[in-house]
Amino acid sequence: MWKNRMIRSFWLILFLWSSGAGRAQNGQLTINETALIDGTVSMTATGYNYNPGVLAVLPNIMVKGNGDLSPVSGTNSALPLAKFTAMYVRGANHDNAIPLSTTPQSMTSELLSLLLLSGGPFTVKYEAPGLSATAWQAGTYSNTLAFSLSAIGIGSAVTPTQATLTVTVDPLITASTAPGNMALVVNDLKYFRNTTLEVNNAFTLRHTVPVQLTLAANTAQLVFTNGYSGVPDPQTAVGKIQVQMTTPASAIVPLTTASQQLVAGAPVPVGNKTNFNARFFISPSDLKTAFINKGDYSTTLTLQGANASPAATYSKVLNLAVTVNDLSEFNLSATGVTLPFQTAADYKNGVALDLVNHLQVSKTTPYDISVKAQTSDLTNGSSGATVPVSILELGPATGQSGVNTVSALSTTDQLLVSGALPAVDRYLNIRYRIPPSRTQNLINKPAGIYTAVINYTLTAH
């Protein structure tokens, strides 16, 4: 027989904390051009979780790295772990970013530890701040991080206990300050004489790989435009323009259509920016032989920075122009010329005087030189007697070519030089002469000095 018994039923309720999360994200930072310009890069990884279990004391979530980030392949140096930071984030709450270290570091302050009483998911913000303080070389770098708690309670845990931090540095060569177009302007005759005509092209490249810098002209000859009417194309070779890297220093090379190396391999510097300066110049002798004609001489150049592996390139087409202005200069070596009649032989044979280098001419267009007298007579300053200027003959001295003979000087311009080619510092030897057939104009004239003013004029042909 069963005894009366009282049965008590109850539920055993077991509370277990579920993270509600799958695998946590690993840290993945990509250092590209945008990151280098901004000076920082970051990402927030999700899937981290804290289970409080039975709390004994308020814990801190700890993180430590297992060493510097090693290159996945290649021979690059490892990236120092301390270059990167980690920050605990839960909703709108976060703690300060801490530099990663091989010593465990607390990600949570005492105040934020109170938030851990309830446990739950959190995220980790990984960051590489201050990028300009490091030379970032293209490649992939990686190492693991360990997560733990500063105090252990029953059932308390942080997951995952390990994550991987991977940093990818993109291979790139870009312009921080782009090279510009170049203009060489000949606005003074000194550039034909003793002053090198030059222009500097300074630029800065941002790069994560070594840079080999090359340059090539896109035409073998300079294109000639805006010359003086009727002047043919001088067909100036691009090689008359030379280039030299001054930063970093390199040898002088003439331009050519073949790609020429200017810099063998600029290494990746701290801050990932390298300053370059290219000097383009024309020597006075080359300017005189190849750019004597007024006009514009132009071509385009292709400047290229490259690295083979990992592959990266930068290319820029530059305009290069040389402008020769319409320049002229005209000088006389002597402002006074004397033809003495002192003996009977002078009256019989006439008198002549050769002046060496009497006229100095510079002109960047074809030119004429004309000559005339200001008055129709030579006048004796004492007696007032006159002699017609037409007794004077002007022309080339012995051995001088390209000069006409003006058989009888007058008050009308007559061409001494006609259609001469452009020149700088061309010297002309001139003969002043009174031929024997005209000496009768001097007979029975009062003794004395007879003078007249002669004008030389330089004009474009």
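The values are calculated or read from the model by the stated rules, or taken from the named source; none is laboratory data. These figures come from a predicted structure and were not determined experimentally. Here Cβ is always computed from backbone atoms with ideal geometry, including for glycine, and neighbour counts include all displayed protein chains.
Can you confirm whether the stretch 269-291 contains a residue that is modelled with pLDDT under 95, surrounded by fewer than 19 Cβ atoms within 10 Å (Cβ to Cβ) and not β-branched (Val, Ile, Thr)? No - not one qualifying residue is present in the stretch 269-291.
Okay, residues lined up against (1) farther than 30 Å from Tyr314 by Cβ; (2) surrounded by fewer than 16 Cβ atoms within 10 Å (Cβ to Cβ); (3) under 50 Å from the mean Cα position of the chain (by Cα); (4) without any contact (Cβ under 8 Å) to a residue 12 or more places away in the chain:
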position	(1), (2), (3), (4)
Met107	yes, no, yes, no
Lys125	yes, no, yes, no
Ser132	no, yes, yes, no
Gln137	no, no, yes, no
Val167	no, no, yes, no
Asn181	no, yes, yes, no
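Residues of the stretch 333-377 that are in contact with a His (Cβ under 8 Å, 6 or more places away or on another chain) and either over 16 Å from Thr451 (Cβ atoms) or surrounded by 14 or more Cβ atoms within 10 Å (Cβ to Cβ) (or both): Ser333, Thr365, Pro366, Tyr367, Asp368.
Please tell me if Ala344 is without any contact (Cβ under 8 Å) to a residue 12 or more places away in the chain and hydrophobic (A, V, I, L, M, F, W, C). The answer is yes for Ala344. Taking the criterion of being surrounded by 14 or more Cβ atoms within 10 Å (Cβ to Cβ), small (Gly, Ala, Ser) and closer than 22 Å to Val361 by Cα, the residues of the stretch 408-461 that qualify are Ser418, Ala420, Ala423, Ala460.
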